[in-house]
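First up is the structure itself, then whatever we jot down about it.
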There are 2 protein chains.
Amino acid sequence: MNSISSSVFRTETMTVPGGTETVVRGGRDLFPLLPQALHGVRRIGVLGWGPQGRAQALNLRDSLAGTDVVVSVGLRPGSASVADARRHGFTEEDRTLGDWLEVAATADLVILLIADAALAANHQRIFEVLRPGATIGLSHGFLLGHLRTIGRDFPDAHPVIAVCPKGMGDSVRRLYEQGRSVNGAGINASIAVHADPDRHGTDRALAWSIALGSPYTFATTLRSEYLSDIVGERAILLGAVHGQVEALYRHFRIAGDDAVTAYRRSTETITGPIARTISSSGLAAVRSATGAEDAFDRAYSAAYGPVRDLVAEIYDEVAEGTELRSVILAEQRLATRPMTEISGSPMWSHSAAVHALRASEPVAVDPLTAGLFVATMTAQVDEFAARGHAWSEIVNESVIEAVDSLLPYMHARDVAYMVDNCSRTARLGTRRWGPRFQAAYEQLALPHAGDPADPTLVQGFLDNPAHEALAAAAMLRPTVDISVS
Amino acid sequence: MNSISSSVFRTETMTVPGGTETVVRGGRDLFPLLPQALHGVRRIGVLGWGPQGRAQALNLRDSLAGTDVVVSVGLRPGSASVADARRHGFTEEDRTLGDWLEVAATADLVILLIADAALAANHQRIFEVLRPGATIGLSHGFLLGHLRTIGRDFPDAHPVIAVCPKGMGDSVRRLYEQGRSVNGAGINASIAVHADPDRHGTDRALAWSIALGSPYTFATTLRSEYLSDIVGERAILLGAVHGQVEALYRHFRIAGDDAVTAYRRSTETITGPIARTISSSGLAAVRSATGAEDAFDRAYSAAYGPVRDLVAEIYDEVAEGTELRSVILAEQRLATRPMTEISGSPMWSHSAAVHALRASEPVAVDPLTAGLFVATMTAQVDEFAARGHAWSEIVNESVIEAVDSLLPYMHARDVAYMVDNCSRTARLGTRRWGPRFQAAYEQLALPHAGDPADPTLVQGFLDNPAHEALAAAAMLRPTVDISVS
């Protein structure tokens, strides 16, 4: 699962806890190798123009400029995105913009980046129009989970590969652009080769990943990707962050803080200095950054058990299929009951006031907030390790995607905006699990955050293999500050 | 589904919104008819000694005293309940206490009141030892849901009946005892005849229900009972109450109330005067009792939509089986991850102080709390009506069980104690859905509780058919105050 064999790109061995993984380092110097690695793919069709579709279509086109590989965008009839795709240079005239089924019918690699619900409803129609031997490309494992849930499978005789950037679409594009000046900037990706009838799946996936600008690419399976992706967004990437800031904001307010101070001690601490510290210096550095290690340890000890229980629960629900069945039921209700937004929570009315203080009064790292957050991140790392995920997948899905992609975005907007504007599967998952995390912090962690620290838990954190795995991942790319306009 | 035909008991026609239902009124004067109605059942075996098992065994024995029908209690080997069952007069010597499989093998009616998890694990062993033609008795539809989930069914040629008291075990016993002086006191029950090979299922179920002390008995199906029971405990009976008091307590604290005042305005208001007002005078009376109808209407309008969405979501999850699959997954995790308690939430440390004020300072009905609570109760009523449940089931499962059984119990202990000590399926459900309700109140309802009321929603409440259905149900029994020691 975590070895890669390529006839085109040089693989490297990365030392991870308990062994090694094969990875492939990206870089602009490799772009000339892309056509060869694509093994006969001359038309790439990107279906969908959401944040991920747009980012991937643009990055692929830029990376393949000057070659004979054409990148086209396919949209549904009447799609509101036509104008924006044209504005970005995809046109009907040169056949780089068209109806999704026509684009699917003429491409050698069809990358499915339409929304999950649309994919669930229309995958069969797309499969039916594919050219013989055309490669099916995915960027996460949702479709695999959906096909399992409904008892279907991918069509025979088509390669099925996945390239899964460990960051949201906006980051995939933004860091690619930064990569023009800082070679190595980009969002890491995992690849999975799910069906490989012509044995070129790995090279094609690597080419796609390198063309997206991935600093390094690691291998996984579609199933493993699906599990870590769906669990991760319900836990530390979105759901747990939302639950934590809701719990902490009220906790600080009841303790006497005004609204802006409570916001800064909860949300602002996490999306700002905690995320930056982890990104640049790793998880353990947060503990020192608080300047109050004992308070951090107490909070960490109080939170770790309850959130580990929750991550295990989410993992079970995703692995056994109940989570995806719930998502399908929720999608069906949306026709008559539109999804409500979470931005009505009182905290978010103070976002502007908090953001305005950034220049004049940098926020300190509150040790209570830091202990809760790091405990949650570590609980996810440990649960993924216990379930047998490869270390690259663990640290990318639990740490790097959070601190290099999602948290900076939340810092620029706010947490509620992020949740209300992410993919529908992620939104539904956050609404299901965020409140569970909130309750765990409020009812189980915070009441004990002043109790003596648990030395076994603290030592387990200090000795956690994640530090080594993160350091290995960090060696493969420069740390880049993401500015979100 | 809601008609009853009995060769022994007199049926009555109750007018309900949109039609009539057949019901059977209980009473001690009917006890002499019980042996005849049981049609050949001479040994009743009650398996389990939880609150419901104890209450039913005691009520059945008392009601059948002086007849030739024997009530025995069956317990698992090594059960910690043996001593308590002996203390209550069930003994090995007279064969009214024994091993559960032996009791099951010798009874003509085997009432399965062991915990859901034990039932899920052991139903097959019990089915195998039954006498030919022995009646299987249930008190809720969990086993039906479980058998569906695992693709099994009840054994052939056995009558399967259910008597489902609309209250917790402690109330079933306590109101039965009050019924000695106040004839008519008791907990209503629904009956379902799921398999009826000898055509005596209805009479047996009625006899069992009347022997439990049910003031009136109405008919349902096991499936309908299952749905309303499992949804109800996740919504207004437990989950929504827990979510609401957590949300309101913090809301009042942030608004400046001290802990005791915030507790009184949230929990105490609901479990005390709101429950009593609904029990004695119906739902609409709560609105007047606030003395602030406009504030009530605003809160009601802000909460109704979000909580109706949630009740619909719970209903879907229960009806489609995902909820029960999640319960089974949770049961499996309990072996390595014991269930945590919710009583650590800061509010509950003030229970004693709040209770101490009851005599000297009766709590007022806070209009915000009342509006949120009544909106939630009405949302469940409306969702059940939209899904086709009979009105007796709707008002018993949404209103009467809450105000006559669960809320008085919560008033005597507290909400967290109630949740931490109810059935495991209910506990797991409350933990899953309580936080969702909390989030809906915090993020969607409370931020808009000051907005102008929605006249359509308010009129819909004032004209709600539930008022008529509740009044019809109230005519069948005196209102009894439950004291919980």
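The values are calculated or read from the model by the stated rules, or taken from the named source; none is laboratory data. Keep in mind the model is a prediction, meaning the values are calculated, not measured. Neighbour counts are summed over all protein chains in view; Cβ atoms, including those assigned to glycine, are modelled from backbone coordinates with ideal geometry. Areas reflect the complete protein model, heavy atoms only, side chains present, ligands, DNA and RNA absent. Shrake-Rupley method; radii C 1.70, N 1.55, O 1.52, S 1.80 Å.
Of note:
- Other residues whose C-beta falls under 10 angstrom from the C-beta of B:Thr340 contribute a net charge of -1, scoring Lys and Arg +1 and Asp and Glu -1.
- Among the residues of B:269-280, the average count of other protein chain beta-carbon atoms within 10 Å of the residue beta-carbon is 0.
- Per-residue Karplus couplings for the range A:5-16, computed as 6.51 cos²θ - 1.76 cosθ + 1.60 with θ equal to phi - 60°, are listed in order as 10, 10, 8, 10, 9, 7, 8, 10, 9, 10, 7, 10 Hz, Gly and Pro entered as x.
- Cβ-Cβ FRET estimate between A:Arg424 and B:Ala83, R0 fixed at 45 Å, reported to 0.05: 0.25
- Of all DSSP beta bridges confined to the protein assembly as shown, the antiparallel ones make up roughly 40%.
- Portion, in percent, of the accessible area of the protein assembly as shown that falls on carbon or sulfur, probe 1.4 Å: 50
- For B:Ser72, the residues whose amide H sits under 5 Å from its own are B:Ile44, B:Gly45, B:Val46, ignoring neighbours fewer than 5 places away on the same chain, with H placed 1.01 Å from N.
- Per-residue shielding of A:433-445, expressed as the average number of other chain Cβ atoms within 10 Å of the residue Cβ, stands at 6.
- Positive-end residue, the range A:385-485 charge dipole about Cα centroid, Cβ charges, pick of A:Ala402, A:Ser392, A:Ala416: A:Ala416
- Maximal additional length on extending the A:Leu33-A:Gln459 stretch stands at 148.7 nm, based on 0.36 nm per residue less the C-alpha distance.
- The Cβ shell under 9 Å around A:Val41 holds other residues with a net charge of +2, Lys and Arg each +1, Asp and Glu each -1.
- Nearest-0.05 FRET efficiency for A:Arg152 and A:Arg131, computed from C-beta distance (R0 30 Å): 0.90
- Antiparallel DSSP beta bridges within chain A, as percent of all bridges there, nearest 5: 40
- Going from the chain on its own to the full set of protein chains, the range B:307-349 has these residues losing 30 Å² or more of accessible surface (heavy atoms, 1.4 Å probe, no ligands, DNA or RNA): B:Asp309, B:Glu313, B:Asp316, B:Glu317, B:Thr322, B:Arg325, B:Leu329, B:Arg333, B:Arg337, B:Thr340, B:Gly344.
- Between 0 and 90 degrees, the angle of helix A:465-474 with respect to the longest Cα principal axis of chain A falls at about 50 degrees.
- Counted charge near B:Ala299, where neighbours are those whose Cβ lies closer than 12 Å (Asp, Glu -1; Lys, Arg +1): -4
- Relative contact order [Cα under 8 Å, 6+ residues apart], chain B, whole percent: 19
- Principal-axis analysis of the Cα atoms of chain A puts helix A:222-234 at an angle of about 40° to the longest axis.
- Among the residues of B:446-453, the average count of other protein chain beta-carbon atoms within 10 Å of the residue beta-carbon is 1.
- Selection from A:Leu368, A:Ser279, A:Leu143, by position along the positive dipole direction of chain A (Cβ): A:Leu143
- Residue by residue, the range B:236-245 carries 3J(HN,Hα) couplings of 5, 6, 9, x, 5, 5, 4, x, 5, 6 Hz when phi is fed to the Karplus relation 6.51 cos²θ - 1.76 cosθ + 1.60 (θ = phi - 60°); x denotes Gly or Pro.
- Between the range B:285-300 and the range A:415-460, the Cα center-to-center distance that results, in Å: 35
- In chain B, the longest principal axis of the Cα atoms and the axis of helix B:322-333 are about 80 degrees apart.
- Shape box of chain A [Cα atoms, principal axes, largest first, Å]: 64, 52, 46
- Label-point separation, B:Arg413 to A:Glu177 (7 Å along Cα→Cβ), nm: 5.9
- Surface accessible to a 1.4 Å probe, per residue, for the residues of chain A, Å²: 34
- Centroid-to-centroid separation of the range B:1-50 and the range B:329-406 [C-alpha atoms, Å]: 29
- The largest accessible area among A:Ile236, A:Ile150 belongs to the first residue in A:Ile150, A:Ile236, and the rest follow in falling order (1.4 Å probe, all chains).
- Euclidean distance of C-alpha centroids, the range A:224-256 and the range B:177-230, integer Å: 45
- Using a 1.4 Å probe over protein heavy atoms, the accessible area lost on pairing A with B, summed over both chains, comes to approximately 3300 Å².
- Remark: the protein assembly as shown carries a charge dipole of roughly 360 debye about the Cα centre, counting +1 on each Lys and Arg Cβ and -1 on each Asp and Glu Cβ.
- In this structure, the amide hydrogen of A:Ala235, modeled 1.01 Å from its nitrogen in the peptide plane, lies closer than 5 angstrom to those of A:Ala240, counting only residues at least 5 positions away or on a different chain.
- Sequence-ordered 3J(HN,Hα) estimates for the range B:348-365 from the Karplus curve with 6.51, -1.76 and 1.60 and θ = phi - 60° stand at 5, 5, 9, 4, 4, 4, 5, 4, 5, 7, 4, 5, 8, 9, x, 7, 7, 8 Hz, glycine and proline given as x.
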